[in-house]
Amino acid sequence: MTDSPLAPSRPPPETRRNVRWWNAGWFDVLQFTVFVAALLGLAVSGAIGMGYNWQWYRVPEYLVRIVGGELLWGPLARGLLVTLELTGWSVLITLAIGLAAALLRLSDSLSGRFVAKAYVEAVRSTPLLIQVYLFYFVLGPILGLDRFWVGVLALSIFEGAFAGEVIRAGILSVRRGQWEAGASLGLSRRQLYRSVVLPQAVPLMLPPLTGIVISLIRNSAIVSVIAVFDLTTEARNIIAETFLSFEIWITVAVIYLAFTVALSIVAGRLEHHVRA
Amino acid sequence: MERLTPAEPLIELDGVSKWFGAFQVLRDVSLRVAEGERIVICGPSGSGKSTLIRCINRLEEHQEGRVVFAGRELGADTAGLTEVRREIGMVFQEFNLFPHLTVLENCMLGPVRVLGMSPADARERAMEFLGRVRIPEQAGKHPAQLSGGQQQRAAIARSLCMRPRVMLFDEPTSALDPVMIKEVLDVMNDLAESGMTMIVVTHEMGFARTVADRVAFMDEGSIVECLPPDRFFTSPADERTKRFLSQIL
């Protein structure tokens, strides 16, 4: 592809010389540093103002401890593992539900379209917290699900509605002529989706689907209300015992942040790969 | 060369009517096309030419009348539809090549997925037809890297790889500049000489004159007349045909 006339070329040197000091890289970093310093200053001065007793040295033991030369995972690490497991299953089920909802809404079946539309509207118009309670107190006992799977299912059904809309929009963005060309070759609807439509639609869906996975990780915190021992629940328990609320919540926020940022980077690479 | 329409035509349209909402695009259209026959359909834009040939492979559904291909009537029952479509090649004004596949893969998709050919056999067949449309050297490129004329020839090769019994062309040269138009018309001439049954919607009257067995003129959803080219161009019966010809010749 190096000889492709469509390959983007580097800007010629004369335009690069036009860069002014206020949009140079180091100025960006400086702006960011000042911003973060101001935030930290605010938090520290606030804590001093309320006479908060910082005890950061106590935090690491909740992540990992070394007892007698052996590595023991602390409650935060175990909680993180549960959060990841919860998110992993939810991503798979979300994508399956999303694809099904999108295909139903695009199908010729009147009842299929109605069911898919009703599902999307119902889920998008009620708070996630209420849905989790509904699943826990109503559907859970009926279906005999434990808390973990109630959490997975509630999250998947919530995010599946958004994923369905993303997938539907991606499929609709493939031009009509592509469908017609495939159909006139004699491809069945299933083959059309597989060989013609989805390969063109998936690269367009990737950025918004990454957003959905990130919101899944964040929303997974809400399963702490049904006492699934995820990262957030473990944090609440530690704070109830130790009153280290500033340290633990900041630590937990950084852990969530680290995972979502890492995911964004991976998704960015993947997207680049799919487009190339 | 004038042919008599045989008792069993390959394609038969009988009293076909179609509406888009309240607007009637096709009015009681009848046309019989024999195997090996070459029909050119012309007429002003909006006269229903494209809609008519799109009814033949049911990209558009007709509401009244009958469309019969090789003895099989096309109707609401879609079970046999993909089987009919694989025998009808279609070439579009906008080419509609699959942008995520190379030219070769575009040509192999139908034979592999629909006809169940092995990739090796499909590749051999694709290269044969890419050679016939004179772009074998473009096989490994993606459609966006080709000129319009090359893209349209690739699209013709893609259809031919299905070994169709008839080829439908929906204004195949309307999106092209004059040099490219010639490239595509040359390929269509070759195809006609090979005996392919063809139905071509086009404004290229030179092509109609030399290649067509019959030329149909459509206006306001009806076939006004359908004559061999020598009579069509010299002594059309209808006033509207005369007016149209005086405008475009």
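No lab work stands behind these numbers, since they all come straight from the coordinates. Because the structure is predicted, anything quoted here is derived from the model rather than measured. Here the Cβ positions follow ideal geometry from the backbone for every residue, glycine too, while neighbour counts run over all protein chains shown.
Of A:Ala163, A:Ala96, A:Ala24, which is the most mobile in a GNM of chain A whose springs link Cα atoms less than 10 angstrom apart? Result: A:Ala24 has the largest fluctuation of those listed. Hydrophobic long helices, here whole DSSP H runs in chain A with Kyte-Doolittle means of at least 0.5 and Cα atoms spread over 18 Å or more along the helix axis, are found at A:25-49, A:75-105, A:147-172, A:198-219, A:245-275. In order along the range B:87-104, the Karplus-derived 3J(HN,Hα) couplings, from 6.51 cos²θ - 1.76 cosθ + 1.60 at θ = phi - 60°, round to 9, 10, x, 9, 10, 9, 4, 9, 6, 6, 5, 7, x, 8, 10, 6, 4, 4 Hz, and Gly and Pro are given as x.
What net charge do the residues around B:Ser17 carry, taking every other residue with its C-beta under 9 Å from that of B:Ser17, with Lys and Arg at +1 and Asp and Glu at -1? Within the 9 Å Cβ shell, the charges total 0. Close amide H partners of B:Val166, meaning residues 5 or more places away or on another chain with modelled amide H under 5 Å apart, are B:Gly89. Per 5 Å bin from zero, what fraction in whole % of the C-alpha pairs of the range B:1-117 is there, up to the bin with the longest pair? Whole-percent P(r) values from 0 Å outward: 2, 9, 18, 20, 19, 16, 10, 6, 1, 0. Working from the Cα coordinates of the range A:72-174, the gyration tensor eigenvalues give, after taking √(5λ), semi-axes of 29, 17, 10 Å in decreasing order.
Looking only at the protein assembly as shown, where both bridge partners belong to it, what percent of the DSSP beta bridges are antiparallel (to the nearest 5)? Percentage antiparallel, nearest 5: 60. Listed cross-link partners B:Lys49/B:Lys242; A:Lys117/B:Lys18; B:Lys182/B:Lys242 are compared with a 29 Å cut-off, the Cα-Cα value being larger for A:Lys117/B:Lys18. Partner shielding of B:100-106 amounts to 2, given as the average count of beta-carbon atoms from other chains within 10 Å of each residue beta-carbon.
Exposure proxy shown here: for A:Val228, A:Val120, A:Val59, the number of other Cβ atoms within 10 Å sets the order, fewest to most, as A:Val59, A:Val120, A:Val228. Entry note: the protein assembly as shown has Rg to Rh equal to 1.14, where both radii use alpha-carbon atoms and Rh is the Kirkwood radius.
Here the Gaussian network model covers chain A, with springs between Cα atoms less than 10 Å apart; of A:Phe27, A:Phe162, A:Phe246, A:Phe27 fluctuates the most. Using only side-chain charges placed at the Cβ, +1 for Lys and Arg and -1 for Asp and Glu, the dipole size of chain A relative to its Cα centre rounds to 900 debye. Given in Å, the Rg to one decimal and the Dmax to the nearest whole number for the Cα atoms of the range B:168-211 are 9.8, 27. Residues in the range B:148-161 carry Karplus couplings, in order, of x, x, 5, 4, 5, 5, 4, 5, 5, 4, 4, 5, 5, 4 Hz; the curve used is 6.51 cos²θ - 1.76 cosθ + 1.60 with θ = phi - 60°, and Gly or Pro positions show x.
Remark on B:Leu31: its backbone amide H falls under 5 Å from those of B:Leu13, B:Asp14, B:Gly15, a criterion applied only to residues 5 or more positions apart or on other chains, H modelled at 1.01 Å from N.
Shielding of peptide A:172-184 by partners, expressed as the average count of other chain Cβ atoms within 10 Å per residue Cβ, is 6. Taking amide H atoms as placed 1.01 Å from N in the peptide plane, the amide H of B:Ser222 lies under 5 Å from those of B:Arg27, each 5 or more residues away in sequence or on another chain.
Between the range B:12-51 and the range B:94-162, the alpha-carbon centres lie 29 Å apart.
Just to confirm my numbers, what's the Cα centroid distance between the range B:178-249 and the range A:170-188 in Å? Here the two parts' Cα centres lie 29 Å apart. Of all the options B:Leu26, B:Leu81, B:Leu104, the one that moves most in a Gaussian network model of chain B with Cα springs shorter than 10 angstrom is B:Leu81. The magnitude of the dipole of the range A:179-276, with charges of +1 and -1 set on the Cβ of Lys/Arg and Asp/Glu and taken from the Cα centre, is near 540 debye. Among B:Met205, B:Met188, a tally of other beta-carbon atoms within 10 Å of each Cβ gives an order, fewest to most, of B:Met205, B:Met188. From the square roots a ≥ b ≥ c of the eigenvalues of the alpha-carbon gyration tensor of the range A:122-276, which class results: rounded (a/c under 1.5), prolate (a/b over b/c), or oblate? Oblate, because a/c is 1.5 or more while a/b does not exceed b/c.
Using the rule -39500 (n - 2.57) for each DSSP H run of four or more residues, divided by the residues of the protein assembly as shown, the 222 nm mean residue ellipticity is -17000 deg cm²/dmol.
Quick one: plug the Kirkwood hydrodynamic radius of chain B (C-alpha pairs) into Stokes-Einstein at 10 °C, 1.306 mPa s, and report D in µm²/s. My calculation gives 85 µm²/s for D. Cβ crowding within 10 Å, taken as a proxy for footprinting-reagent exposure, orders A:Ser188, B:Ser194 from fewest neighbours to most as B:Ser194, A:Ser188.
The loop-placed trypsin sites (Lys or Arg not before Pro) in the range B:1-91, going by DSSP, that have at most 13 neighbouring Cβ atoms within 10 Å of their Cβ come out as B:Arg3.
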